[in-house]
Amino acid sequence: MRHIANPPNPFDKYSAEYIGEPPPTKLEVFEEIATKKMITKAFASDWEGGWRFTVNCYRGCVHGCTYCFARRYHEFLGYGAGTDFETKIVVKPNAPQVLREELKKTKQKMPHVDFSFATDPYLPLEASYELTRKCLIVCADFGVPVGVITKSPLVTRDIDVLKKLNVSVFFSLPFLTKEKSNPFEPYTPVPEARFRAMETIANAGIPVGIGVAPVIPGYNESDIPKLLERAKNAGATRAFMSMLHLDSDSIEQYFVAKMHEKLSPTAVTKITNAMKRERGGQLQHRTFKERSTGKTEQWEVTRKLFDFHAKRLGFRQHESPAEQEPPPAQPAQQSLF
């Protein structure tokens, strides 16, 4: 039998350097066989009309960001908000078909659809499932404006589709270096890879922006000017920032535990004390209004730092696309196989 060399992976050109080793636990992928709804409507005080519409083709996220507010949504499935979130991924194989039927039936014209809210729309699994790509094609067919926010260079694969849309692509880039990113974003593409992907998107004539989110008090405020400059040089024209928000006890416990694993005791104390000053003595925000902003003069200095450099560089400023109230609780477990 003649030996056939392993052909090159067609997605290598979209790949990116990752930080550290792959997750030590086994990745499990579940397919949700009873997806009936793809568009989630949620209140957002800063959004036109007061509402946002989001599409999530996946649940959970292998990027493993310790600060991710979407971790608690995994608890609705009967999983945990910790390592379960990054190792038990739920896929919705019929997402494009469901989205198409929803857009056919909707009585109101969708003003805007965002990919995604509860996960990154360009998880590595997207390279084979192509659910985000297919859903973007559906949006193009219906002429629905789209927003994309991601940490993944895989979005560059879909430039041909994005060009057919009224779209803006935001890259989440809260840290300037992989060393700074590593304690909080263990399995995400390194910042350099995200900047390169940003430039590729911009060079294709697609509006692109940077999300400096989250800003972790006492840790990455000093990165803001350089992040905005790098984004500007990569062709970004839009920018937003928001403060770290911990939305539940389980996320807070996981976030703090991971800090103790990755950072020095001095650094952990500095961050927790800074957060407590912004949150009235605790790490979690008390109200939705306080979710992505702080209380102290130090936060005001941070906000002015961002505003100054964003204005200096000519950025069009946006509120955070993630500023929406959480969805209502869902049944603990849906039909999976």
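A few points about this structure:
- With the highest mean first, a sort of the peptides 252-264, 163-175, 133-145 on other beta-carbon atoms found within 10 angstrom per residue produces 163-175, 133-145, 252-264.
- Each residue in Cys68, Cys61 was given a count of other beta-carbon atoms within 10 angstrom of its own, and listing them fewest first yields Cys61, Cys68.
- Cβ-to-Cβ counts within 10 Å put Tyr73, Tyr187, Tyr122 in ascending order as Tyr187, Tyr73, Tyr122, the fewest first.
- Computed over the stretch 161-311: relative contact order in percent, which uses C-alpha pairs under 8 Å that are six or more apart: 23
- For the stretch 139-169, backbone nitrogen atoms closer than 15 Å to the point 7 Å from Lys104 Cα along Cα-to-C-beta are found at 139, 141-142.
- Normalised contact order of the stretch 44-187, rounded percent, pairs of Cα under 8 Å and 6 or more residues apart: 27
- If R0 is taken as 45 Å, the Cβ-Cβ distance between Lys226 and Asn94 corresponds to a FRET efficiency of 0.55.
- Placing dummy labels 7 Å off each Cα toward the beta-carbon, the span from Asp141 to Arg312 is 4.8 nm.
- Normalising the average separation of contacting C-alpha pairs (under 8 angstrom, six or more residues apart) by the number of residues puts the relative contact order of the stretch 12-317 at 17 percent.
- Between Asp160 and Ser264, the FRET efficiency estimated from the beta carbon spacing at R0 = 56 angstrom works out to 0.75.
- Taking Asp84, Asp114 and counting other C-beta atoms within 10 Å, the order from fewest to most: Asp84, Asp114
Each reported figure results from applying straightforward, stated rules to the coordinates on display, with no laboratory input. Not measured: the values here are computed from a predicted model. Glycine gets a Cβ as well: all are built from the backbone with ideal geometry, and neighbour counts include every protein chain shown.
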